[in-house]
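Comments concern the structure below.
The values are calculated or read from the model by the stated rules, or taken from the named source; none is laboratory data. Remember, it's a predicted structure, so these values are computed and weren't measured experimentally. Methodologically, a virtual Cβ is constructed for each residue, glycine included, from the backbone with ideal geometry; neighbour enumeration extends over all protein chains shown.
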Amino acid sequence: MLSFTGNPLDRASAERSDPAWIAAQQARADALFLPIWQTKPLLKGDRAGFLTGSELDLTPDRPCVFLGLRDGTPLFAVALPDSEDPPLTALGEFKEMRAAALVLPDAECAIAGQAKSLIDWHHRHRFCANCGAQTSSADSGYRRDCPGCGTQHFPRTDPVVIMLPILGDECLVGRGARFAEGMYSAFAGFMEPGETLEGAVKRELQEEVSLAVSSVRYHTSQPWPFPSSLMLGCYAEAVSKDFRIDAQEIEQARWMTKAEVRARLAGEIADGIKLPGTIAIARLLLVDWVRTS
Ligand SMILES: [Zn+2]
């Protein structure tokens, strides 16, 4: 399964707004808490490092973010203070989210991504964007309220279009200026206010490679917790193979046939050119495209 997708939790969005219900869930002996330290989730080996309240020494009033119910068990995320050295070393290891995504089971990867995005949002939104006053967590972590002006702030999800241009038996892949050496991938960019999905795909391809596109087909999406994007994977039907790279963002681009992409995905060509890794939706776009004849 694509990393960060398939989150199995019941988010109990009707119940979680009730402070008494949430307090009771948090106080349950079987409640589990995923600690996040410096944006890294705790891992116990190759599993998510869920801890009980007593292992964490949690006080009942400690603010936690409710993640949801898993088979009736309440799961929470909890932010640990930004200490220099990692805490809880006897109980597990804090791992960078990308590294964690490579080893965690699918469901735990999706839950850890949800936890990281929410904790990160709280960390970055401690002050009201409207009046500057300090805000406080509400609705079990799905809102921040401003006591100064009354504004309610909600967690952000930023849509990003990511698209593979195709023409017949070939697709266009590009190298961003900041990519790892030899890496070629699909093209991507943030959607802008007032844009449709199709409009954003066409604009990005025009800006990055001056590629004209006749139609856009949505394929699949992926929550991407860096810090809180939603990748919207699409195929874009190119009008012709003509392109011109915009050296600001794109360093190189090249058309690849299905046979070449298949061979590269299988690791059969060792010339230094790489395609995206397994956690990236760009790889899924390539894999699903070469699967069709
Ligand atoms: Zn305010």
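Considering the conditions (1) farther than 19 Å from residue 157 by Cα; (2) in a loop (DSSP other than H, G, I, E, B), residue 227 is excluded by exactly one of them, (1).
Out of everything in the range 138-174 that is of a type in the set (Lys, Arg) and at pLDDT 95 or above, what residue ends up being farthest from the ligand (Cβ to nearest atom)?
Taking the range 138-174 first, the residues of a type in the set (Lys, Arg) are 143-144, 156.
Narrowing further to those that are at pLDDT 95 or above: 143-144.
On the way: 143: 13, 144: 10 Å.
Top of the filtered list is 143.
Examine the range 225-240 for a residue that is touching a residue at least 24 places away in the same chain (Cβ under 8 Å), under 30 Å from residue 119 (Cα atoms) and out of contact with any strand residue (DSSP E or B) (no Cβ under 9 Å at 6 or more places or on another chain), and state whether such a residue exists. Talk me through it step by step, then tell me what you get.
Initially, the range 225-240 is screened for residues touching a residue at least 24 places away in the same chain (Cβ under 8 Å), giving 225-240.
If we keep only those that are under 30 Å from residue 119 (Cα atoms) as well, we get 225-234.
Still in the running and out of contact with any strand residue (DSSP E or B) (no Cβ under 9 Å at 6 or more places or on another chain): 225-226.
Scanning the range 225-240, I find at least one residue that is touching a residue at least 24 places away in the same chain (Cβ under 8 Å), under 30 Å from residue 119 (Cα atoms) and out of contact with any strand residue (DSSP E or B) (no Cβ under 9 Å at 6 or more places or on another chain), so the answer is yes.
Of the set (1) within 17 Å of residue 5 (Cβ to Cβ); (2) surrounded by 16 or more Cβ atoms within 10 Å (Cβ to Cβ), all apply to residue 220 but (2).
Pick from 191, 183, 163: which is in contact with a Cys (Cβ under 6 Å, 6 or more places away or on another chain), within 30 Å of residue 124 (Cβ to Cβ) and of a type in the set (A, V, I, L, M, F, W, C)? Break it down stepwise before answering.
Working: 191 fails: in contact with a Cys (Cβ under 6 Å, 6 or more places away or on another chain); 183 fails: in contact with a Cys (Cβ under 6 Å, 6 or more places away or on another chain).
Result: 163 is the single residue among 191, 183, 163 that is in contact with a Cys (Cβ under 6 Å, 6 or more places away or on another chain), within 30 Å of residue 124 (Cβ to Cβ) and of a type in the set (A, V, I, L, M, F, W, C).
In the set 61, 30, only one residue is modelled with pLDDT of 95 or more and surrounded by fewer than 17 Cβ atoms within 10 Å (Cβ to Cβ); that residue is 30.
Report yes if residue 117 is in contact (Cβ under 8 Å) with a residue 12 or more places away in the chain and either touching a Lys or Arg at 6+ places or on another chain (Cβ under 8 Å) or of a type in the set (S, T, N, Q) (or both), otherwise no. So residue 117 passes the test. Listed by position, the strands (runs of 3 or more DSSP E) enclosed by the range 122-201 that each have at least 2 residues that are crowded, with 19+ Cβ neighbours inside 10 Å are 158-167, 170-176, 187-190. The combined condition, being in contact (Cβ under 8 Å) with a residue 24 or more places away in the chain, within 27 Å of residue 158 (Cα to Cα) and basic (Lys, Arg), is fulfilled by residue 95.
Looking at 90, 20, 24, 79 in this structure, which one is surrounded by 14 or more Cβ atoms within 10 Å (Cβ to Cβ) and small (Gly, Ala, Ser)? Give the derivation first.
Values: 90 fails: surrounded by 14 or more Cβ atoms within 10 Å (Cβ to Cβ); 20 fails: surrounded by 14 or more Cβ atoms within 10 Å (Cβ to Cβ); 24 fails: surrounded by 14 or more Cβ atoms within 10 Å (Cβ to Cβ).
Of 90, 20, 24, 79, the one residue that is surrounded by 14 or more Cβ atoms within 10 Å (Cβ to Cβ) and small (Gly, Ala, Ser) is 79.
Would you check if residue 135 is polar (S, T, N, Q) and away from the ligand (no atom under 16 Å from the Cβ)? Explain how you work it out, then say what you get.
Details: polar (S, T, N, Q): yes; away from the ligand (no atom under 16 Å from the Cβ): no.
Spelling it out, it is not the case that residue 135 is polar (S, T, N, Q) and away from the ligand (no atom under 16 Å from the Cβ).
For the structure I just gave you, tell me whether residue 192 is over 21 Å from residue 286 (Cβ atoms) and of a type outside the set (Gly, Ala, Ser). In short, yes. Within this structure, residue 129 passes the test of being among the aliphatic types (A, V, I, L, M), farther than 22 Å from residue 28 by Cα and within 16 Å of the ligand (Cβ to nearest atom). If you go through the range 243-286 and keep only what is in a helix (DSSP H, G or I) and loosely packed, with under 15 Cβ neighbours inside 10 Å, you end up with 259, 263.
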